[in-house]
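Before any comments, here is the structure.
The values are calculated or read from the model by the stated rules, or taken from the named source; none is laboratory data. Here the structure is a predicted model, which means the values were calculated and not measured. A quick note on method: Cβ atoms are made from the backbone with ideal geometry, for glycine too, and the neighbour counts reach across all protein chains shown. Calculation scope for accessible area: heavy atoms of the full protein, side chains included, ligands and nucleic acids excluded. Shrake-Rupley method; radii C 1.70, N 1.55, O 1.52, S 1.80 Å.
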Amino acid sequence: MVARRRALSAPIVAVSGPSGAGKTRLLVRLVRELRRRGLAVAVLKHTRHRHLLDRRGSDTARLRRAGAVAAAIEGPESLAWFGPPAGSAREMARRLPPVDLVLAEGFRGERLPRIEVHRRRVGRRFLCASDPSVFALVSDEPPPRPVPRYGADDAAGIAALILRRFGLAPRPGARGVPRGGAA
């Protein structure tokens, strides 16, 4: 079995497109498919909106307001960390456990290999028309430049492309990392 890489050295693939195009839907299917192939996958999400996870009055919010640089809370099934923004997908990946691949939703301003999710009903403009880092497209219409195009439900095809592009090998018989575990 191949050892998992620190998330910092694991490939990071951004999934980008306008709101409502289906990025999260694609990521859910892609994570399931990659896990089925035995890969440990982490996901980063970037948003321009304030999140309410560290809501006013919570213990972590009170501790940060008192001056703590960061606060974390751990329960039986998860860990949440609240602190200053990391600033980039690569900096966020430094904080992850060892994985084979990091998928990042958004991060359009960063130079990362990218899969574009495009829906004609959501927007006419293609990101791949001006962004050479787009190496695959999930769309219901042809792209303006030659780039492999997949349907919204073709997680297997996209997973195979990612494995080839980044030299990742499936682990036959493996089911990925169990919830809460690390390799």
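Return the FRET efficiency for the residue pair Arg65, Asp131: r is the Cβ-Cβ distance, R0 is 25 Å, and the value is rounded to the nearest 0.05.
Once the sixth-power term is evaluated, E becomes 0.05.
Compare the peptides 125-133, 19-27 by average per-residue count of other Cβ atoms within 10 angstrom and give them in order, highest first. Display every interim value, and only then the final one.
Values: 125-133: 14.8, 19-27: 17.0.
Going by the mean number of other Cβ atoms within 10 Å, highest first, we get 19-27, 125-133.
As a test question: what accessible area, to the nearest 10 Å², does Ile73 have when a 1.4 Å probe is rolled over all protein chains in place?
We get 100 Å² for Ile73.
Antiparallel DSSP bridges in segment 39-172: what percent, to the nearest 5?
On the way: 4 of 16 bridges.
Counting DSSP beta bridges with both partners in segment 39-172, the antiparallel share is about 25 percent.
Please state the shape class of segment 48-168: rounded when a/c is under 1.5, otherwise prolate if a/b exceeds b/c and oblate if not, all from the C-alpha gyration tensor.
prolate
Indicate the gyration tensor shape class of segment 116-164 (rounded, prolate or oblate), computed on the Cα atoms with a ≥ b ≥ c the square roots of the eigenvalues: a/c under 1.5 is rounded; otherwise a/b larger than b/c is prolate and the rest oblate.
Oblate is the answer for segment 116-164, as a/c is 1.5 or above yet b/c matches or exceeds a/b.
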